[in-house]
Structure formats: structure tokens, C-alpha cells
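The structure appears below as C-alpha cells.
Bear in mind these aren't lab numbers, they're just calculated from the coordinates by the rules spelled out. None of these values were measured; they are calculated from a predicted model. Note that each Cβ is placed from the backbone with ideal geometry, even for glycine, and that neighbours are counted across all protein chains shown.
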Amino acid sequence: MVLEQTGTELIEACRRGERDAFRQLFELYKDKVYTIALRYSGDPATAKDIAQDTFVKLFARIEGFRGESGFDSWLYRVVVNSCFDHKRSTRRWLPLLSGFTDLMRTPETGALDEMMRAESNGQLGEALATLPPDQRMSIVLRYSQDLSYEEIGAIMNCPPGTVASRLNRALKLLEKRLRRLHARVD
């Protein structure tokens, strides 16, 4: 979502403390923020908490947005930090929703395929939940938000090569863990 001139005006109105502008900004971005939080946490209630925390931070820090990067990148950074802050505060592993199952899906042909897909979704979610937070967030931003390595790097404060490395390690770990989970089922 690229901010147009009206978006820039909206941010300026938020900086001036105009309530309607905050409401409009919330309406524009609430679904995107919630989706990232849900894909990271895997739990709707936790995602709502993270989204709420994100908007509290966003509105408290909107004056700090300098426009050096796009607003979307700045917002992603706030969401990522809220996800990591929530993880640190709860000190528990949060399962990631298996929104990435599209990569593993076969064409639908019947009930058996649906049962196998449900089994795979559960296994993928279990495997994703064990990834380190940076790797998990890299996967969320890459595969659920379709961001480039450069965009993810800007959001996560690291070079694109680090993003590529995290994704590579994460995919290798997922493959290894899914093989183990699959071996247990057989």
C-alpha cells in the first residue's frame, strides 16, 4: 500500500493530533497490521493484543516519522517490534499460522486431499513455531506480505543478504523438521 499525497496529508494531520486522521489511518492499516500479527503469533487474541500495541506505539510515535523511508516500511518496523516485544514479554513460543501452505498444496481433488492438507497444515504450523523469531518474521514478511529482501532488510534493520541467509536457514530447518514430523506419522 503506497501512500499517495492524501496519505502524506493524513500523516501530517495525525502529527497535528487530529482525531479523524488517526481514525482514518487506523482504518487504512488495521487489517494489514492484524494479519502480520496473526501470522506471527498464530492466535487471534494475541494478534489483537499485538495490533493494539502497534497502534498505540504508532500514534505515540507518529511525530518521529521523518519520511526517509516509506510509511509502510516504518509501520512494518513498528509491527515487527511489537511482535518481538510481545514474545519477549510472554516468554513463550507462539505458533505461526500456516498461511504458507500454498507453497505445499496440491490441487484440490477430493476429501482425501483435504484431510492430507489439514494434516500438512498442522505439521507446518508446528514446525514454523519452532523457528527463531527473526527467521519466523522473515518468513512472515516474505511469504505472507510478499516483500522483497530489501524491504524486509529495511524493516528488520539488516542487509538484504542477512534476510536471504535467514530465509535460507529457516527453509532448511523447516524441511528438516517436517521430514521428522512426517517420519513420526509413518
(message) For the stretch 5-90, place one equal point scatterer on every Cα, skip the solvent, and apply the Debye formula. What is log10 of I(q)/I(0) at q = 0.13, 0.21, 0.22, 0.25 Å⁻¹?
(response) -0.40, -0.96, -1.03, -1.25
(request) Output the peptides 74-81, 34-41 sorted from most to least packed, where packing is the average of other Cβ atoms within 10 Å over each peptide's residues. (result) 34-41, 74-81
(request) Could you go through the stretch 43-56 in sequence order and give the Karplus-derived ³J(HN,Hα) for each residue, using 6.51 cos²θ - 1.76 cosθ + 1.60 with θ = phi - 60°, rounded to whole Hz, and x for Gly and Pro? (result) 10, x, 5, 5, 4, 5, 4, 5, 4, 4, 4, 4, 6, 4
(message) Can you tell me which lysines have their Cα less than 28 Å from the Cα of residue 48? Leave out same-chain residues fewer than eight positions away.
(response) 30, 32, 57, 87
